[in-house]
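Beneath this line is the structure, given in structure tokens, with notes to follow.
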Amino acid sequence: MLPADTLPDLPPVARRFVRYVQIDTQSDPDSASVPSTEKQKDLSRLLLDELQGLGIEAGMDNAGYVYATLPSTLTPDSTTPVLGLVAHVDTSPDEPGKGVRPILHPNYQGEIIELPGDPSVTLDPARQPALREHLGHDLITSDGTTLLGSDDKAGVAVLMQLAEDLAGSDGPRPEVRILFTVDEEIGRGVDHLDRERFGADIAYTIDGGPVGELSSETFNAAEAIVTVEGVTVHPGYAKGVMANAVRILAEFIAALPADEAPSTTEERQGYYYPHTITKGETGQASVRILLRDFEDDGMAQRKAFLHDLAEALWQQHPRAQIKVEIKDSYRNMLRYIEATDPRTVSFADEAARTVGLEPHWHLVRGGTDGSRLSEMGIPTPNVFTGGYHFHSRFEWNTVQNLEETLGYVKALVQHWGEHGGD
């Protein structure tokens, strides 16, 4: 168990990773600024400096997006599409992200690991069986007091190392556009993207989980804000007058189907997720509820359920006002991929086999920047980064997984260079 940033013999992609995770880039869902936190630009500026230091054409806009271009090595008459590769700089607000101390656990042999910053946070193969598949790997964790930030600084490190390696290579590749986004974790990853400046025809987000896992299908996602306006009065004289917004909101949340929650669903099952109580007082109480469903009809039914529930509760509490506001976050990207360029799926599969990986296609029970990019006309499946237990203090990745991800993305670029004009 060693501080990872003190080890000079780590491979370059892992050295980048342990540097990047120490930069606090958490996004903030309650902020209206762009990006939602100014500190995300700390990493964006560093990436820009490093890209330009490699002699790569790159720029950064006011929102914190970083754009870079690697020129094609193909003939000028090639019809191969421009290939985009995307990762996001922000980390989840679900756990602390300031003061990340990456710890290396060399040659893992299946033991329970107590993280030094908080020994109550343990990596245990009985609870995290994927650890048993990584015997002999060099694990990277936080010290247990913060998340690690592998989502998505693993993707950032891989793309930066890819840029360095490809800048000195004349192997076959199409024009490659690298994009680092902000605020992906709060569903705003491409809200302010300059699509023309990005310039990709097809793309991949490097933002997934276990090695070999590829994704071309995500939830449809929406966010509901339910607000109850109550009536306040001295509790000694409340009978027949008070409408307690906190109690009414609690009834609303309790009426959500218990078997349609994140903890009780899997595979293609959708859910309701009361995520944050944004206000809780007698006079006004509100909750943010996340809605997820793979099917359009299913999402429509979930939205209708919330409106019907609000109406039913208002009938029981007519002195209160109950408002439901729903905003779509992203759509299931599969239809857009299939309609625009299904080779993004088949080529991803074929590239995996060229490096000896058995690809497995995984439903994303969440979303990526690829969901929105696909809807915008840039088909964008998602590629693994080797990490596990994202958004938590139990998060981990391995040196070997980072290297394997880098090798795969190189193969994917080469595959498009060799076959993209077919």
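The values are calculated or read from the model by the stated rules, or taken from the named source; none is laboratory data. Here the structure is a predicted model, which means the values were calculated and not measured. Quick reminder, even Gly has a Cβ in these numbers, built from the backbone with ideal geometry, and neighbours come from all protein chains shown.
Contact annotation: no residue pair with Cβ atoms under 9 Å, 6 or more positions apart or on different chains, pairs a residue in segment 385-412 that is outside the structural domain of residue 350 (by TED's automatic domain parsing) and at negative phi with a partner that is part of a strand (DSSP E or B) and hydroxyl-bearing (Ser, Thr, Tyr). Among the residues of segment 70-92, how many are in contact (Cβ under 8 Å) with a residue 40 or more places away in the chain and more than 29 Å from the chain's Cα centre (by Cα)? Residues flagged as in contact (Cβ under 8 Å) with a residue 40 or more places away in the chain and more than 29 Å from the chain's Cα centre (by Cα) within segment 70-92 amount to 4.
One residue is enough: does segment 33-44 have a residue meeting the conditions assigned to a helix (DSSP H, G or I), in the same structural domain as residue 374 (by TED's automatic domain parsing), in contact with a helix residue (DSSP H, G or I) (Cβ under 9 Å, 6 or more places away or on another chain) and not hydroxyl-bearing (Ser, Thr, Tyr)?
Checking segment 33-44: at least one residue is assigned to a helix (DSSP H, G or I), in the same structural domain as residue 374 (by TED's automatic domain parsing), in contact with a helix residue (DSSP H, G or I) (Cβ under 9 Å, 6 or more places away or on another chain) and not hydroxyl-bearing (Ser, Thr, Tyr).
Can you find even one residue in segment 347-368 that is modelled with pLDDT under 95, in the same structural domain as residue 205 (by TED's automatic domain parsing) and of a type in the set (S, T, N, Q)? Checked against the condition, which is being modelled with pLDDT under 95, in the same structural domain as residue 205 (by TED's automatic domain parsing) and of a type in the set (S, T, N, Q), segment 347-368 yields at least one hit.
Has segment 129-144 got at least one residue that is surrounded by fewer than 23 Cβ atoms within 10 Å (Cβ to Cβ), under 22 Å from the mean Cα position of the chain (by Cα) and polar (S, T, N, Q)? Looking through segment 129-144, none of the residues is surrounded by fewer than 23 Cβ atoms within 10 Å (Cβ to Cβ), under 22 Å from the mean Cα position of the chain (by Cα) and polar (S, T, N, Q).
None of 140, 178, 186 is within 19 Å of residue 55 (Cβ to Cβ) and either among the β-branched types (Val, Ile, Thr) or not assigned by TED's automatic domain parsing to the domain that holds residue 93 (or both) except 178.
Taking helices (runs of 4 or more DSSP H) as the structural unit, those lying wholly within segment 327-415 and holding at least 3 residues that are β-branched (Val, Ile, Thr) correspond to 343-354.
Quick check, is residue 79 surrounded by 18 or more Cβ atoms within 10 Å (Cβ to Cβ), out of contact with any helix residue (DSSP H, G or I) (no Cβ under 7 Å at 6 or more places or on another chain) and under 30 Å from residue 371 (Cβ atoms)? No: the conditions fail for residue 79. Scanning segment 120-144 for residues being assigned to a helix (DSSP H, G or I) and free of Cβ contacts under 8 Å to residues at least 12 places away in the same chain gives a total of 2.
Could you list, in sequence order, the residues of segment 10-32 that are in a helix (DSSP H, G or I) and surrounded by fewer than 21 Cβ atoms within 10 Å (Cβ to Cβ)? Steps first, answer last, please.
Our first condition is that a residue be in a helix (DSSP H, G or I); within segment 10-32, this holds for 12-20.
Across segment 10-32, the qualifying residues are 12, 15, 19.
Give the number of residues within segment 283-333 that are of a type in the set (A, V, I, L, M, F, W, C), within 17 Å of residue 271 (Cα to Cα) and surrounded by fewer than 16 Cβ atoms within 10 Å (Cβ to Cβ). Total satisfying the criteria: 2. Checking each residue in segment 284-311 for being over 19 Å from residue 250 (Cβ atoms) and not in a helix (DSSP H, G or I) picks out 291, 292, 293, 294, 295.
Return the residue satisfying two criteria in turn: it lies in segment 37-76 and is small (Gly, Ala, Ser) and in contact with an Asp or Glu (Cβ under 7 Å, 6 or more places away or on another chain), and of such residues it is surrounded by the fewest Cβ atoms within 10 Å (Cβ to Cβ). I'd like the intermediate steps shown before the answer.
Taking segment 37-76 as the starting set, the residues that turn out to be small (Gly, Ala, Ser) are 44, 53, 55, 58-59, 63-64, 68, 72.
Now narrow it down to the ones that are in contact with an Asp or Glu (Cβ under 7 Å, 6 or more places away or on another chain): 68, 72.
Working: 68: 25, 72: 18.
So, considering only residues that are small (Gly, Ala, Ser) and in contact with an Asp or Glu (Cβ under 7 Å, 6 or more places away or on another chain), the one surrounded by the fewest Cβ atoms within 10 Å (Cβ to Cβ) is 72.
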